[in-house]
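Just dropping this structure here.
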Amino acid sequence: MKTLTVIEDIRRRMQMRMDADEETEEAEGPKKFSGLSTRLPYALCKDLGIDTTGMTPRQAWEAIEGKGIDPKETFEKKIAEPSKKVDLKKPEKTETVKKGEYSSKVEKFKSTSDCIDFAHKTLGLRFYDLSNMNVDVANTVVSEVANFYDTFEGFKESRKLKAFKQYPKSTSCVAAYAPFTKEVLLRNVKRKDSLSKMKAQAEAQKKTGFWSTGDTEHAMRHEIGHAIGYWLANRGDEIGEKRYREIRKLRLKTKSELGIDKWNRYEKPEIVKKAGKVLSYYSLYSTHEFIAESVAEYMSGHPRETAKKVVDVLLRKDW
Ligand SMILES: [Zn+2]
């Protein structure tokens, strides 16, 4: 049968729906699952004996995850065999490392498979369809994730970033983060010149003011930044809501100070440039993008005031 194709199709549709880059100005606020994905978590919770009274679909997914179960795995099992109960299976344990030590464990790996091996064992990450990723790109991804783990303590344990995956060719996006599967999707990573192309693209985008940095790593940092956003601000609890609302306020303030009324992909170059002087024009599209662009700038090591403020709010605990 076509079960696998169906799963892939559903997953792809969900990824597209959940992809932050698809969000519009009107879709402000924490994202919600809908349709099939709304009913699924309740069905899974029932199998797992979790009472879902009063829970939103997101809270139901979080409850599944709270049981130490990989929602992606249970989801696929449920799709494959809807009538069967799902098994309780804990994820495999990965090596634990003290804070600040991930980066020191990273070396310049000689092959992509060495990178993948290290990512799996030490960083707790999977790479799908990426065995032919260029070795320089693979080294860059691994080193970036290690920097994120060292900068945002608890990020690894949050399991908001689980894998990197090849982006389907049919899409025009640069990269994406899929909050449902916790995967970062990358494109154009196989060639010898992939890294220099990433650099050229980031530099060009930074120059216009559309992206917040011109670093080679910008796109991957931006996508991992979405994972940070889902972990700290958009996670369905009170403290996350507070952080999200605070950052949204900051975005709207920044936008109005720049005299931007409605975000527009074909905005005048001088306005885009002006936004780039503060953070980036793309960041003003939505609060999710505001977070991702700020985190990317923060990870560049040279954050300006806005990016610093956003990260401060993300890390704030004393509300
Ligand atoms: Zn984004």
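Rule-based calculations on the coordinates, nothing more; no lab input. Predicted, not measured: the structure shown is a model, and the values here were computed from it. Every residue, glycine among them, receives a Cβ derived from its backbone with ideal geometry; neighbour counts consider all protein chains shown.
When all alpha-carbon pairs of region 182-319 are counted, what percent fall beyond 24 Å?
When all Cα pairs of region 182-319 are counted, 29 percent exceed 24 Å.
Right, something else. What order, most packed first, do the peptides 218-231, 136-149 have when packing is the mean number of other Cβ atoms within 10 Å of each residue?
Averaged packing, sorted descending, gives the order 218-231, 136-149.
In what order do I247, I260, I116 fall by count of nearby beta-carbon atoms within 10 Å, going from fewest to most?
By the 10 Å Cβ count, ascending, the order reads I260, I116, I247.
Taking 2.2 N^0.38 Å as the expected size of a compact globular protein, what ratio does the Cα radius of gyration of region 110-199 give against it, to two decimals?
Ratio of Rg to 2.2 N^0.38 Å for region 110-199: 1.04.
Now for a separate question. Please report, largest first and rounded to whole Å, the three semi-axes of the ellipsoid equivalent to region 134-253, where each semi-axis is the square root of five times an eigenvalue of the C-alpha gyration tensor.
Semi-axis lengths for region 134-253 are 26, 18, 13 Å.
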